[in-house]
Amino acid sequence: MEKAKRGDAVKVHYTGKLADGTVVESSEDAGAHVWEGFKGKGVSFSPIELVVGAGLMPPDFEEALVGLAPGEQVTIAIPAARAFGDRVEERVAVLPLDDFTPRELGLERFRVAEGRHRPNNFNPKVGDVWEVANGEASTVRARVVQITDDTITLDANHPLAGHDLVFDIRLVQILPAAQAQRA
């Protein structure tokens, strides 16, 4: 039976967990509690497609695929530093809320240059993800983690930074070589 190697396009099912067993992501099942009360026609989960060694997932995850045959599975532990990195406190900023607030925040409506009135919809919430300038002519994604009357705290760390992770990985399929070149 064919075994996966670097450069192969593959389909993989996986479940990522924190070291304490808390599931943080899964391609197979989000858990019944997540979809309780869902009013759609149903939710389907499918394996992810990736090229082994291309960097879609942490390197240790992709390396664990090498040598697996379709249907085989493996469980691996990845320390924080090799997964999404250690948490860096310098990537957390407490800033004056006024830095992000339109001058018109106190107004229910304000007038724009064309003379029309617009509602003021600036309403940040904990959990929002913003793209913010990082001072180097580029942007970074940062989560709003706390809001007070005067400040807003943004965290630019990856949500899983600082966490040791465990992945249950099952190789579903090795795709034909033509698909590896497109992926």
* What ranking of K11, K3, K125 emerges when the number of other C-beta atoms within 10 Å of each C-beta is taken as an exposure proxy, fewest first? -> K125, K3, K11
* For labels at D164 and V94 in the simple 7 Å Cα→Cβ model, what's the distance in nm? -> 3.1 nm
* **region 123-173-region 1-29 distance, computed between alpha-carbon centres (Å)** => 23 Å
* Report the label-to-label distance for R82 and M1 in nanometres (one decimal), using points 7 Å from each Cα along the Cα→Cβ vector. => 2.5 nm
* To do: Name the residues whose placed amide hydrogens come within less than 5 Å of the amide hydrogen of G85, ignoring near sequence neighbours (fewer than 5 apart) on the same chain.
  => G162
* To do: Lys and Arg at +1, Asp and Glu at -1: add these up for the other residues within a Cβ distance under 14 Å of D60 and post the number.
  => -2
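Bear in mind these aren't lab numbers, they're just calculated from the coordinates by the rules spelled out. All values reported here derive from a predicted model rather than from experimental measurement. For neighbour counting, all protein chains shown are included, and Cβ atoms are generated from backbone atoms with ideal geometry for every residue, glycine included.
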